[in-house]
Every structure is written in structure tokens, then in C-alpha cells.
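Have a look at the structure below, then the notes.
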Amino acid sequence: PARYFDTKTTEPISFFLSGLEELLAWQPNSNDEFNVSAVPLAKREPPLLSRRPRTLVCHDMRGGYLEDRFIQGSATSNPYVFYHWRYIDIFVYFSHHTVTIPPVVWTNAAHRNSVPVLGTFITEWTDGEKLCEAFLAGGEEAFGAVAEQLARIAQHYRFDGWLVNIENTLSAAAVGNLPLFLRELTARVHSAVPGGLVIWYDSVLKDGTLRWQNELNDENRMFFDACDGLFTNYNWKEEQLERTQRLAGPRQNDIYVGVDVFGRGDVIGGGFNTDKSLRLIRQYGLSAAIFAPGWVYEHLGKENFLQNENKFWGSLAEYLPTHSICTLPLTTSFSLGMGTSTFLDGKDEESGPWYDLSAQDIQPLYPEDQDMLSTSCCLQDAWCGGSSLQLQGTIPPGEERVAVRLFSLQMPAPPKLFLTLLYKLEGPQPDDFTVALEVTTGDSGMCFEGNPTSLPEPNGRYHPRFLPAPPPGLAKLLAACQRGSHGWTSRCYELELQDCSLRDLSVIVSRQQPSLQETSFTCLLGEVRVLDAASVAASPAQVHSVTASQLWWQ
């Protein structure tokens, strides 16, 4: 069927639903199993609903369902990817189809990086008026059926909820039922999807007129009260933020103030001035909804996209609270889910462009320090996948080393950790530097390394012990101790901690010789792993009764 499979290639594709009939007729179907997300939403700290401002990203690009619709990837050159997941809290996939089911590749990538994904339910123009009249004015049975279908769809495809966007006028009967519909949808999503969310877009008012308010007020408050949050329109002024904060009270973090990166209309700042909008939003303790950050790709072009993307998100970083990893194992090759080649064990196995966001790895922080350090993605060389993480920086005169914070962690440290690192030093004198991992622990006074005779580190910085060879019985899993090749160096470490909590994982680049000159370095990171020794030793569960279905031979 053309809905589920590309007519040219027969490959499985992601799809949307148009109109009320398609929504009400939807049933799970053996053809759509490719569309079910295979990656559960990873836990994070602090949890999403903590009392702090959040960041929502609303992805709207040329109507949606572009190359990202190919569930098993495509040979796309210079595709759009998003990878600053540590800096955002919610990802919305937006299109103008009635029911936008997020392409499963986005759900997989976001979930791996602890970010929930919402689809969009939209009605607009005169067709939207008719659709709303049919299901809202029709009373409880009619709007209950729509709420039930939307909750079932999110549950079946394993994404996390809906942005609801009614962009047309409503009759008195329809608008009277709208808060009831939102309450019903929110309750059903909460019970069908753990951690599910329903967010309302600032559009229709309580009397049914379509007039964007750019704030929370008495005209739209009943819709905010009926769901998990309000996404405001983009043309706000500072006094509206102040009024919104006052009216929202304890729910101020549930107000997502809209920021259009394209800067359309009368806005405070878009493009590379988006930080001006965020600064004001955060002054009032409100959450932000960054709309169409694909501006970087669409407006500035595909060619220097990765460079421009790092510049854009780097300019916002001080206004984006990050979230931490709180489960082990942590393992990543830094792949973006795209590449100009496919690498395996440091070797270019197959050259040619590819794009598959499901293959994107856990992404690090991307720390920038004006003159001293830049972190970027390198497509020219990788250990595994399509890219490595490139660290370029300078060690200042008289200093020995630079620390680059890759991940923030928040979890109790197991008694024993194994860590592995694969790196490659580039530049004229790679032998002038050493590269190692550093683990920072939280401030618990009882925390110490290894045996009780060792003293706690005063600043909680621990340097895991280098293992020249893997411990007996773990040679296969910790092959990294010896397996560097194609110019990559491989290192394996262990760290024993007692009563500690893990805080940060950093990579340290040090000079071999002290120097009064500043020294520049370039280092590629190919893979980092942090493993709990106890679970490494346990043998993995056996896989039983594998079946293969729907085979096409070509």
C-alpha cells in the first residue's frame, strides 16, 4: 500500500493522516510495524516536569516528510540533522496535515537522547471549520472518539503526545466543547503514554474567534487549564511576558513562549539574534518554544550547515538548561545519523552519502569557549558510523592541560566502572600530547576511590586507572584495550568508587612537556564507553523465537 511503502523503491515510509475520516478509520495494521519506535524514552535528570524553565523545539521544514520519511535511511547528501538534544526538553514534529505522526527516525533519535516527541493535530481555513464543527459541535461522543484515536496512535507508534493547533474560527457549540475535548485528550494521553503531554497552541479564543494573543490571558486561559501547556504565538512584547508570568502562577514553566527563528512579523529577535528573545523569556522564568530552527539549514544553506548549527546553538547555550544522563551503560561513537562515508573500526568501509536518524548515537554537550576550545562534528574520519567528535583548542602558556566536558551525569556510582576511549591526535606534532578521561563526582563527603585508605579527592576529580590489557573473561567486550587501528589509539580504564555520585565525564588533553608557549591541538574522539563492571560480567539474555515477515526479493 502506497501509504506505508514508497511506490518507487518499495521501502517502508512514515506517513500522516488527512481529514477526520482517515483519523477515525485508523487501526494498527501489520504494514505499519516499521513505524513503531524501537527506542524507549531514556531517563534523564532532572525529570522533565521539574520546576525549571524548559525548551521545546518545533521542527517545521518545507511541509515535512522529506528524506526523513525513509525509515531505513536514504542516500541523501547534506541532509538536515538535529543533535543538540542535551539542550532541549521536548521535540515537536510539525506539518500542515490534519494528523502529523512524527517520522519514527526522529522519535528514535530523540528518545535515545532523553527527549520526548510530540505529533501535531491541526485544523485550519474553511476545511478546518467544517472538521471542528463535525467533531466538536457533535458533542461528547464525537470529540471523545477523536481523543481516543489520537491517544491510541501515540501509544501504538510509541511517541509522547500532541501539539493541538486549531487555526480557524469555531461556532459557539464547538468552542463550548473545546476545553472538554482538551481535558479528555490529555487524560487519555496520560493514561496511554507514560510521561505523555498535550500542548495547546495560542490561536482560538473562548468566544470562538481566531485571534493570536501572544500571551496567556482570560481569553485563552480555559484551554491552558485543560492541558499540559500553552505554546504562545511569536509577536509578544515584554509586558505580555510579565502579565503571562503573573497569570500562570505556579504553572509558569508550562508556558512555552514562541520564538520564530525566521523572525517573521514584529518579533524581538530571530536568526542569530534569537538569544535576545530567549534572554527576556528566561528573565520571567518562562519556558521557550523555538519554532523552525531549520532556518540555519534553509536560509544559510546546506554547505556549511554543521558549522552554522554549532554557532546558532552555541549562541543560545547560556539560556538552555541541559539535562544529564542517569543510567549506564553510556556508549557512543558520536555519529549524527548521517555521513559522506560509513566507517567501521576506523576504516572507510563504504564511501557515499547516507542519512538515517535512527542510527544517530547519544550526543554529547557541545562546549565552546571563544578562543580556547571548539567542539564540532567531523565527517571526514570516524571510528564507527558517519562522524567523530572533533576537539580543537589551545593550551595556554604555563598551563599543562585542557578539560573538555563531554557529558553531565547524575547517578550513584557503581562500585566499579570500566571506561574505554578511542581517539586520534591530528596536526604537526601529535606526540606532544596525551589524552585521557576524567570522572567528576558530586559533593558527598563520604565519597572516595578504591580502598578505604585512599583520601577523597578535594575537587571530586578522579583519573581512572589505565588498563594495558582487558581483565580475564572480558577480552571480547573490552577489546578496546588493544584494538586501535587506522591511526586510532585505544585506551581502557577502570575506576573503583565508594559512596560516590557521578557528575561529569570529561576528556583531558595534556602536553607531554611544560611550555611557556601556547600550544594548539586537534583531537578526534571515535568512541567513549562507561560501563558498570557488575552488569558487564553478567551474560546477556538469550534471544528466542525470532521471526522474519514481509520479505520482498529484488
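The values are calculated or read from the model by the stated rules, or taken from the named source; none is laboratory data. If you're wondering where the values come from, they're calculated on a predicted model, not measured in any experiment. Using ideal geometry, Cβ is built from the backbone for each residue, glycine included, and neighbour counts are taken over all protein chains shown. These accessible areas exclude ligands, DNA and RNA; they are computed on the full protein's heavy atoms, side chains included. Shrake-Rupley method; radii C 1.70, N 1.55, O 1.52, S 1.80 Å.
General observations
- Sorted peptide list for 390-401, 159-170, criterion being average Cβ within 10 angstrom, highest first: 159-170, 390-401
- Theoretical gain in end-to-end length, residue 11 to residue 24 [0.36 nm per residue, Cα-Cα removed]: 2.1 nm
- Computed helical MRE - 222 nm, the chain, DSSP H runs ≥ 4 contributing -39500 (n - 2.57), nearest 500: -6000 deg cm²/dmol
- Fully extending the segment from residue 145 to residue 485, taken as 0.36 nm per residue of separation minus the present Cα-Cα distance, adds 116.5 nm.
- Between the beta carbons of residue 211 and residue 173, assuming R0 = 22 Å, the FRET efficiency works out to 0.70 to the nearest 0.05.
- Range of Cα positions in the stretch 98-185 per principal axis (Å), largest first: 44, 24, 16
- Protection proxy ranking of 492-501, 515-524 - average other beta-carbon atoms within 10 Å, highest first: 492-501, 515-524
- Listed by chain and number, the aspartates and glutamates whose alpha-carbon sits under 19 Å from that of residue 302, ignoring those within fewer than 8 places in the same chain, are 60, 67, 68, 356.
- 0 to 90° range, to nearest 10: angle between helix 125-135 axis and the chain longest Cα axis: 80
- Counted by Cβ distance under 12 Å from residue 335, the other residues give a net charge of -2, where Lys and Arg count +1 and Asp and Glu count -1.
- Rounded, prolate or oblate (a/c below 1.5 giving rounded, otherwise prolate when a/b exceeds b/c) for the stretch 169-251 by Cα gyration tensor: oblate
- Degrees between helix 140-157 axis and first principal axis of the chain (Cα, 0 to 90, nearest 10): 20
- Accessible surface computed residue by residue for the chain, with neighbouring protein chains in place and a 1.4 Å probe, gives 42 Å² per residue.
- Seen against the Cα atoms of the chain and their longest principal axis, helix 305-316 is set at about 80 degrees.
- Global geometry of the stretch 242-390, whether rounded, prolate or oblate, following the gyration tensor of its Cα atoms and the 1.5 cut on a/c: prolate
- Solvent-accessible area assigned to carbon and sulfur over the chain amounts to 51 percent, based on a 1.4 Å probe.
- Over all other residues within a Cβ to Cβ distance under 9 Å of residue 188, the charged ones net out to -1, with Lys and Arg as +1 and Asp and Glu as -1.
- Reported label for calculated P(r) over Cα pairs in 20 Å bins from 0, in percent given [x] 15, 33, 28, 17, 7, 0; [y] 20, 51, 26, 3; [z] 17, 34, 25, 18, 6, 0: [y]
- From the C-alpha gyration tensor of the stretch 330-537, square roots of 5λ in Å: 27, 22, 16
- Part-to-part distance (alpha-carbon centres) for the stretch 208-269 and the stretch 130-144, which is given in Å: 26
- Burial order of peptide ranges 144-150, 200-206, 295-301, 258-264 (average beta-carbon count within 10 Å, highest first): 200-206, 258-264, 144-150, 295-301
- Approximate spin-label separation residue 553-residue 279, in nm, with each point projected 7 Å along Cα-to-Cβ: 6.7
- Note on residue 299 and residue 535: the model spin-label points, each 7 Å out from Cα along the C-beta direction, lie 4.2 nm apart.
- Radius 15 Å from Cβ of residue 372, net charge of other residues (Lys, Arg +1; Asp, Glu -1): -3
- Segment residue 311-residue 543, length gained on full extension (0.36 nm per residue, minus Cα span): 79.1 nm
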